[in-house]
Amino acid sequence: MTEKYDVIIVGAGAAGMMSAIEAGKRGRKVLLVDHAKKIGEKIRISGGGRCNFTNIHTHPDKFISKNPNFIISALKQYTQNDFIRLIKKHNIKFHEKKLGQLFCDESAQQVIEMLLLECKEANVILKKDMKIKDIDKKDDKYFITVDSDKYLSESLIIATGGLSIPKIGATQFGYDVAKKFNLKVVETLPALVPLTFNEKILSICKKLTGLSIETVVSFKKVFFEEGMLFTHRGLSGPSILQISSYWKLGENIRINLSPKLDVAKFINDKKNINPKQDINIIISELLPKRLAHIICNENNVSGNICEISNKILDRLSDSINTWEIKPTGSEGYRTAEVTLGGIDTNEISSKTMMSKKHPGLFFVGEVVDVTGHLGGYNFQWAWSSGYVAGQHA
Ligand code: FDA
C-alpha cells in the first residue's frame, strides 16, 4: 500500500507540530508521524510541568550555532509575540517567572492540547507509534516505509529533535537522515546539563546537597548570573546549566559565590572594625552557614580574624569571589535539556529551512545546529523554525 501526501513530517514534537499546522493551513495534505505512543512528551515535562514556552527577550544572541546569523530569519518570520498570540487565542493563562521566561499558570499539557487542536483544524493526519524502517528519495519524491506500507510526499520535514532524554523517545534518526543524504552534521554534545567533578569537589557538593545560592558562573568571556544548586552528583541550577553549553572538556569554570560583594574588601573592613570577630561568623554573613563553614575548613582558617595573615585572608576571599574548578564531565544526555550541534546550518536555507542540496527536504527544531540558552529559547526556536518550514513545504 502507498499513501500519497504533499508533506510528511517525522517527529510530532514542538517543531514538527508547528510545521504541520502551518503547512495544513496552506491547504497542503499533511501526514505527521511519530514513533512514540504519546505525543508531546518533552513539552509535558518541560519547565517543571508548566512549559517555559518562550522568552519575551528572544534575540539571536541567546542562541549558539556555528553560524549565528542563520537564526535571524526564522526568529523574524515567527516571533515570540506570534506564539504569545497563539497562547492567548486558546485562553491559556501564563505568567513571567523571571528574566522574560513565560510559563503556563496551570500545566504544559495545555500547550500540547492547543497544538493538537490546531493540527486537527488544519486537517493534519497524525499517526502515532510508527516505527520508520526506511526513508528514501526517488524522482523528486520522498518515501518513508513503515512495516510494509509506504508513504510518499513532495516535501519531507525532519523534526525528530536531539539526543537528550532517550527514556522518552529521543533518537539519532535526524542525524542518520542527514548522513544518508550526504549532509554535514556538527558534532553533537549534551547541553544545559549538570556538571560532574572529582572526588574532592564532589564530597563538598554532597555535604551541601539541596543548597541553592545566587552566583556568577563563567567560562572564558561568557558568564551567567543565576542560581546554582549543589547536588549529590555535582553542580546544577540555571547558571551551571547555562555554562555547560559553552564549557569545553579539560578546562576550568569560575564561580563567584558572592557576586554582589568584593569579599577581600569586606574582610579587610571587618578586620579593622572588629579584629576579635571569628572568621566563621564573618563568612556566614555572606554565605549560608553550611557553605561558610566548609569554605573556612577548606582554607584551614578558624578563630579571630586578627590572628589570620592577610595572605591567607586573600586566599579565602579568592575562593569565594573566584572559585576556579575543573569539571570532569557532565551528566550526559540522560539529564541534558538539549543537544548542542546537529545538522550543519550551511546545508540549509535560513529563509525556508530547506536543504540546499535536496529540494523538498527540510530540517527544523533541535535537530539543527541551533541551541538556545535556558529560559524558553529552545521552544521559540522550535516554533520559529517549524513555522518557516510550514510556509515552504
Ligand atoms: P522534540 O524532542 O520536542 O520532538 C521530537 C519528536 O520526534 C518526539 O516526539 C520524538 O518522539 C520524535 N522522534 C524521535 N525519533 C523518532 C523516530 N526515529 N521516528 C519517529 N519519531 C521520532 N525548552 C524550552 O524552551 N523551555 C523549557 O521549559 C524546556 N524544558 C525542558 C525540560 C526538559 C526536561 C527537557 C529534556 C527539555 C526542555 N526544553 C525546554 C527543551 C525543549 O524541550 C526542546 O528544545 C524542544 O522540545 C525541541 O523540539 P523539537 O520538536 O525539535 O524536538
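Can you tell me which residues in region 345-393 are of a type in the set (Ser, Thr, Tyr) and more than 16 Å from the ligand (Cβ to nearest atom)?
First pass over region 345-393, keeping only residues of a type in the set (Ser, Thr, Tyr): 345, 349-350, 352, 355, 371, 377, 384-385, 387.
Within region 345-393, Ser349, Ser350, Thr352, Ser355 qualify.
Name the pairs whose Cβ atoms lie under 6 Å apart, with the first residue in region 124-147 and over 15 Å from Thr2 (Cα atoms), the second away from the ligand (no atom under 15 Å from the Cβ), and 6 or more positions between them or separate chains?
Val124/Gly24; Val124/Val30
Taking strands (runs of 3 or more DSSP E) that do not extend beyond region 323-367, which have at least 2 residues that are open to solvent by 20 Å² or more (accessible area, probe 1.4 Å) and at pLDDT 95 or above? Let's see the steps before the verdict.
On the way: elements: 323-325, 338-343, 361-363.
Hits in region 323-367: 323-325.
Would you please name the residue that is nearest to Thr196 (Cα to Cα), looking only at residues in region 289-341 that are in contact (Cβ under 8 Å) with a residue 60 or more places away in the chain and hydrophobic (A, V, I, L, M, F, W, C)?
By that ranking, first place goes to Ile325.
Which of the residues spanning region 304-317 are among the hydroxyl-bearing types (Ser, Thr, Tyr) and buried (at least 19 other Cβ atoms within 10 Å of the Cβ)? It would help to see each step written out before you state the result.
Filtering region 304-317 for residues among the hydroxyl-bearing types (Ser, Thr, Tyr) gives 309, 317.
Scanning region 304-317 gives a single hit, Ser317.
Kindly state which strands (runs of 3 or more DSSP E) lie completely within region 184-303 and contain at least 1 residues that are crowded, with 18+ Cβ neighbours inside 10 Å, modelled with pLDDT of 95 or more and on the phi > 0 side of the Ramachandran plot. Write out each step before concluding.
On the way: elements: 185-191, 212-219, 222-231, 234-236, 253-256.
Here the list reads 234-236.
Exactly one of (1) open to solvent by 30 Å² or more (accessible area, probe 1.4 Å); (2) within 11 Å of the ligand (Cβ to nearest atom); (3) of a type in the set (A, V, I, L, M, F, W, C) is unmet by Met1. Its number?
(2)
The values are calculated or read from the model by the stated rules, or taken from the named source; none is laboratory data. Please read all numbers here as calculations on a predicted model, not as lab measurements. No Cβ is skipped: glycine too gets one built from the backbone with ideal geometry, and neighbour counts run over all protein chains shown. Heads up: the accessible areas ignore ligands, DNA and RNA and are worked out on the full protein's heavy atoms, side chains in. Shrake-Rupley method; radii C 1.70, N 1.55, O 1.52, S 1.80 Å.
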